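**Q** Following this message is one structure expressed as structure tokens.
The values are calculated or read from the model by the stated rules, or taken from the named source; none is laboratory data. All values reported here derive from a predicted model rather than from experimental measurement. When we count neighbours, we look across all protein chains shown, and the Cβ atoms used for this are built from the backbone with ideal geometry, even at glycine.
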Amino acid sequence: MRFPRVAIVGGGPGGLMTADALQREARVPVELTIFEASSRLGGKVLTRSFARLPARYEAGAAEIYDYSEVGPDPLKELVADLGLPIVPMGGSALVMGEHVLSNLDDVRDALGADAAAAFIAFDRAARDAVGCLDFYHGERGTAPPRTSPRFDAMLARIGSPAARRYVETMIHSDLATEPGATTVAYGLDNYLMNDPTYLRLYAIEGGNERLVAGLDGRIRATRRLEHRVVRIGGGSGRRLCVVAEHTGRRHEEEFDIVVVALPLDHLQRVEFAGPRLAAALRRHLAHHDHPAHYLRITALFDRPFWRSWLADSFSMLDRFGGCCLYDESARDPGATHGTLGWLLGGAAAVEMSRLADDEVVAAALASLPDFLAAGAPPVLEAHVHRWLGAVSGMPGGPTPVPLDLRHRPEPVDHPGLFIVGDYLFDATLNGVLDSAEHVAGWIADLTAIRREAVA
Amino acid sequence: MTPQTAAPRTAPATVPLPAEGTCGAANVEWISALELALLVVSARPDEAATLPAEALAWVEATGPAQTIAIHGAAIAWAPGRAALLVEPTRCEAVRAALIEFGMHDRDLRELEAEVAAGWADLESDAPLAFDFRDRDAERRAGLGERFRRLVALRARLVRLVPHLDRPPLHPPTLASQVGERLRERARMAERAGHLGMQLEVHERVYDLCGQRASEWSLAHRSRGLEWAVVVLLAVETALILVDLLASRGS
């Protein structure tokens, strides 16, 4: 008896979550093969350690969204199922110049009553546009499509320049793009996520990469590391042919179903054979390809010198067009050292990524306000991680398309080709799980139907 | 700055009241509803939020203090005494948040104490949840009283919980942040949850006790009825016998 063969192209969170979900949901056994171009699984979920001290930091995805206060949260359930402890994260401080603005009183004092009023007006408009449940359902397939103009048009309506700058600083690094390059819906999502009523944030104790390790540990699949998939096309019958490069040589394999779980910048490098399939993928990319960029700079100090002023697990800084400053050492309760992480987004990330690592680190340190820089001890060790084009600045595209079409770009001649990605939902780990579960459920149904037809 | 000493629980009258409407200078205020002496210290906006050592020592004189420093405000809290350091323009709102927290904390502590005091009664009453006998009849009134008290406790808790478990205000104010941090530090939502579970146990036991007592009461009443039937049957039998004897003689 031959089991359906399923190839998963991409060993990042999307690929692993698809494999895991498929294994749970499939009603007939499936033979899974995971292709990963690099030598490690996990993609953008990357926890690294320093050489000089046993200290960890997140070099990729910094935090996970917690929707459990509003409704079912599959990712939090998965984390719990894997037995991973979590640590809550949060922060309300925003540094503008030499002022730390942690609340409305600070905004009023530092920016003036008019700016505070303009900010409150924007906040109300944001809430009116997207309620808590709208936010939760968002692009998860149940809410009606939200056609949106660009977000900068909405920001331009904020009456006070100071208040506008405050809002832009608050959300710039989360957007990872410029307000003019994203939709009102996505911009508002990134503003409203600061409100704990809409969502909370958490990280996995011991590093977010434990999620990858947990999934990897329970997936029964053939793992082909350092196998870069270069071509996907039709095979014999309704099967699909996957061509992968490994140590300079090309290998071909046929599969019943292929799930492509690659970030957009990697998806573009895969050749899709056949005019109909190639055209479908071109349409898919044209709709979804709105690259956004991150740059992470992490510096290790012998002590957390910033905590007298910035006590939360992260704060926002009005440098680099608005960046996030993570207290990475807050993830490790009891740590005596201090690890500070800068998350730059959008144009600033692109610009800075052109510089050498030591120049980027120097620019990051120079971005600290005087009251922090004055007490900063020497940097013990620093690292830069570049994530250019790794995320989408307009997840779901400018106008949402039906869920099934997002996930199966060419259903006529290639019904066995599926796509999974965070960019199809909301550019988060939660979104990629939604995408993976949607596809896994679909494949589980298909394989069961085919088996019944054969029987 | 040297805070004036006070012993609020034993001699509240010795705690000096603050000057009318002042919050800018260090002063001690006696909040009688909470039996709390509150020391308010002004801080300049550019100062680090650290309570002066004398203020902390004053609070700790009554017991170990919880300390919180948040966005320019600092608070120390111990039974009967609290100190607050905040810049003058935000003092009133933060002071109100602190007092609101104190009221909820007091209400929660009272509920916890009353539920804790009920465990001894619960243990002695628990057997009645399974078996209620004639000798237990005199305890029915006590059971009813305790059940009524339990309902009142549940009602108080249900009214309190929305204040303890409310979502954070957004955009936050310093006062809302202080209130949230105090509630979080005092683990109020969790304590209310535990209290709810304890009350549930009490309610189950007294609910069962009530059922057993009702069953006993019904059984008690039906036993009287059975005796009445027996007596009537006996009378009827006696009359029949008399009737038979009379007819035999004739």
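**Q** Where in the stretch A:195-238 are there strands (runs of 3 or more DSSP E), lying wholly inside it, with at least 2 residues that are more than 30 Å from A:Glu254 (Cα to Cα)? Outline the logic, then answer.
**A** Values: elements: A:200-204, A:222-225, A:228-234.
Correct list: A:200-204.
**Q** Another question, then. Going residue by residue through the stretch A:415-431, is there one that turns out to be crowded, with 23+ Cβ neighbours inside 10 Å, modelled with pLDDT of 90 or more, within 23 Å of A:Tyr57 (Cα to Cα) and not assigned by TED's automatic domain parsing to the domain that holds A:Gly234?
**A** no
**Q** Another one. Whether any residue in the stretch A:343-364 is in contact (Cβ under 8 Å) with a residue 12 or more places away in the chain, more than 20 Å from the chain's Cα centre (by Cα) and outside any helix (DSSP H, G or I) is what I want to check.
**A** no
**Q** State whether the residues of the stretch B:88-99 include one that is more than 14 Å from chain A (Cβ to nearest Cβ), in a helix (DSSP H, G or I) and under 21 Å from the mean Cα position of the chain (by Cα).
**A** yes
**Q** Also, quick follow-up: Name the single residue, out of those in the stretch B:180-212 being away from chain A (no Cβ under 13 Å), surrounded by fewer than 16 Cβ atoms within 10 Å (Cβ to Cβ) and in contact with an Asp or Glu (Cβ under 9 Å, 6 or more places away or on another chain), that is nearest to B:Arg139 (Cα to Cα).
**A** B:His194
**Q** Does A:Glu452 satisfy being at pLDDT 95 or above and either among the acidic types (Asp, Glu) or assigned to a loop (DSSP other than H, G, I, E, B) (or both)?
**A** Working: at pLDDT 95 or above: no; either among the acidic types (Asp, Glu) or assigned to a loop (DSSP other than H, G, I, E, B) (or both): yes.
No, not satisfied.
**Q** If you don't mind, another one. Search the stretch A:86-139 for residues being of a type in the set (Val, Ile, Thr) and more than 10 Å from chain B (Cβ to nearest Cβ), and hand back the single one that is surrounded by the most Cβ atoms within 10 Å (Cβ to Cβ). Before the answer, list the steps.
**A** Narrowing the stretch A:86-139 to residues of a type in the set (Val, Ile, Thr): A:86-87, A:95, A:100, A:107, A:120, A:130.
Now restrict to residues that are more than 10 Å from chain B (Cβ to nearest Cβ): A:86-87, A:95, A:130.
Values: A:Ile86: 15, A:Val87: 16, A:Val95: 23, A:Val130: 21.
Looking at the filtered set, the residue picked out is A:Val95.
**Q** For residues that are touching a residue at least 60 places away in the same chain (Cβ under 8 Å) and among the aliphatic types (A, V, I, L, M), scanning just the stretch A:173-184, find the one that is farthest from A:Tyr423 (Cα to Cα).
**A** Initial filter on the stretch A:173-184 (touching a residue at least 60 places away in the same chain (Cβ under 8 Å)): A:173-178, A:181-183.
Now restrict to residues that are among the aliphatic types (A, V, I, L, M): A:175-176, A:181.
Working: A:Leu175: 13, A:Ala176: 13, A:Ala181: 15 Å.
Selected residue: A:Ala181.
**Q** Another question, then. Would you call A:Gly180 assigned by TED's automatic domain parsing to the domain that holds A:Tyr423 and not β-branched (Val, Ile, Thr)?
**A** Answer is no for this residue.
**Q** What do you reckon, is B:Gly102 more than 13 Å from every other protein chain (Cβ to nearest Cβ), more than 26 Å from A:Leu101 (Cα to Cα) and outside any helix (DSSP H, G or I)? If you could, list the steps in order and put the result at the bottom.
**A** Working: more than 13 Å from every other protein chain (Cβ to nearest Cβ): yes; more than 26 Å from A:Leu101 (Cα to Cα): yes; outside any helix (DSSP H, G or I): no.
So B:Gly102 does not fit the description; no.
**Q** Let me ask you something else. For the stretch A:246-263, which residues satisfy the criterion of being in contact with a Lys or Arg (Cβ under 8 Å, 6 or more places away or on another chain) and assigned to a loop (DSSP other than H, G, I, E, B)?
**A** A:Asp256, A:Pro263
**Q** Name the residues in the stretch B:142-179 that are of a type in the set (D, E, K, R) and either more than 21 Å from A:Arg200 (Cα to Cα) or at the interface with chain A (Cβ under 9 Å from one of its Cβ atoms) (or both), would you? Let's see the steps before the verdict.
**A** Within the stretch B:142-179, the subset of a type in the set (D, E, K, R) is B:145-146, B:148-149, B:154, B:156, B:159, B:165-166.
Hits for the stretch B:142-179 are B:Glu145, B:Arg146, B:Arg148, B:Arg149, B:Arg154, B:Arg156, B:Arg159.
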